[in-house]
Amino acid sequence: MHELELTQLWKTYKDKAAVQDINIRLGHGIYGLLGENGAGKTTLMRMLCGILKPSQGTILCDGIPIWQMGGEYRKLLGYLPQDFGYYGDFSALRFLNYMAALKALPAEYAKDRINELFELVGLAGVKKQKLKTFSGGMLRRVGIAQALLNEPEILVLDEPTSGLDPGERVRFRNIISSLGRNRTIILSTHIVSDVEYIADQIMIMKNGHFLQTGEESGIVKAASGYVWKCTVPAGQADEFTRLHVISNLKNQADKVELRLISGTKPTEDATLQEPTLEDAYLFFTKVK
């Protein structure tokens, strides 16, 4: 098992800090990195993969700076970027063979490994079809397969469920959960349900820095006392939406049931609710 250590990590562009003062240790398990688009997640992922160099700070793998390790670090690493590039006229099989060659994997090993991965991601029956005929969900599964070609011990997934339908999201979560037993997985997303049930640790990011890190239970507990349910006349719903952070809205004839995040009791009949991870995410990013 390997350990990544990020210390006083910054990435600045001119006068803007895309990532600022990140300090964390990442060991075995699944880490869910939550944040809105523009929070700095992709910049952080690219630094973790050695694609970008930090403006300040260090990333160590087992105590050694990753940019000193070079090829040794890349052997440990699997990466699925947010914008996954592919050749549409390649079949899925040809594409994975091409990626295996780029990673300098022995031909016999690559053949067996590719067949194994097609089974894992559920694409064995269509591996000879051209990628341009694949759905978005199928392409993301090809992306996962290419990231796993070298059996990485550190797997970095940047917005991996972008564009997937609910069924594909469930399939993806099941795949990642099964992979997390024996490696370090860092999964960045702005969709709470992608990591709610599979992440061992949660990291909430905004404006380039971490707002909260830790186990889900601790993060959720911090939002206790701020989550309310109330029912208001339909004509007042827009006003409540302007004044409060709404996590759920349900129409009921001439009334609207609201679940909202607030530091004060929003209505006379409002009742406190047990927070969820989504509530806690909204609390830390929108309220606190």
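Details
- On the stretch given as segment 230-261, residues that are open to solvent by 80 Å² or more (accessible area, probe 1.4 Å) and assigned to a strand (DSSP E or B) total 5.
- Pairs with Cβ under 7 Å, 6+ apart, first in segment 22-42 and among the polar types (S, T, N, Q), second modelled with pLDDT under 95: N37/H190; T42/Q82; T42/D158
- Count of segment 115-174 residues which are free of Cβ contacts under 8 Å to residues at least 24 places away in the same chain, closer than 27 Å to V192 by Cα and of a type in the set (D, E, K, R): 0
- Residue in segment 216-233 that is without any contact (Cβ under 8 Å) to a residue 24 or more places away in the chain and over 30 Å from I22 (Cβ atoms) present: yes
- Candidates are the residues of segment 169-192 that are out of contact with any Pro (no Cβ under 9 Å at 6 or more places or on another chain), assigned to a helix (DSSP H, G or I) and closer than 23 Å to Y281 by Cα; the one that is most open to solvent (accessible area, probe 1.4 Å) is N174.
- Of all residues in segment 211-229 being under 24 Å from T189 (Cβ atoms) and of a type in the set (D, E, K, R), the one that is surrounded by the most Cβ atoms within 10 Å (Cβ to Cβ): E216
- Annotation note: Cβ proximity below 7 Å between a residue of segment 242-255 that is under 14 Å from K286 (Cβ atoms) and a residue that is outside any strand (DSSP E or B) and open to solvent by less than 50 Å² (accessible area, probe 1.4 Å) (sequence gap 6+ or interchain) occurs for H244/S262; H244/P266; V245/L282; S247/D279; S247/L282.
- Only one of the numbered conditions (1) without any contact (Cβ under 8 Å) to a residue 60 or more places away in the chain; (2) in contact with a strand residue (DSSP E or B) (Cβ under 9 Å, 6 or more places away or on another chain); (3) open to solvent by less than 20 Å² (accessible area, probe 1.4 Å) is not met by G208, and that is (1).
- Single condition I202 does not satisfy, out of (1) at pLDDT 95 or above; (2) β-branched (V, I, T); (3) part of a loop (DSSP other than H, G, I, E, B): (3)
- Residues in segment 1-27 that are over 18 Å from C49 (Cβ atoms) and acidic (D, E) were compared, and the one that is surrounded by the most Cβ atoms within 10 Å (Cβ to Cβ) is D21.
The values are calculated or read from the model by the stated rules, or taken from the named source; none is laboratory data. Because the structure is a prediction, the values reported are computed rather than measured. Note that we place each Cβ from the backbone using ideal geometry, even for glycine, and neighbour counts take in every protein chain shown. These area figures cover heavy atoms from the full protein model, side chains too; ligands, DNA and RNA do not enter into them. Shrake-Rupley method; radii C 1.70, N 1.55, O 1.52, S 1.80 Å.
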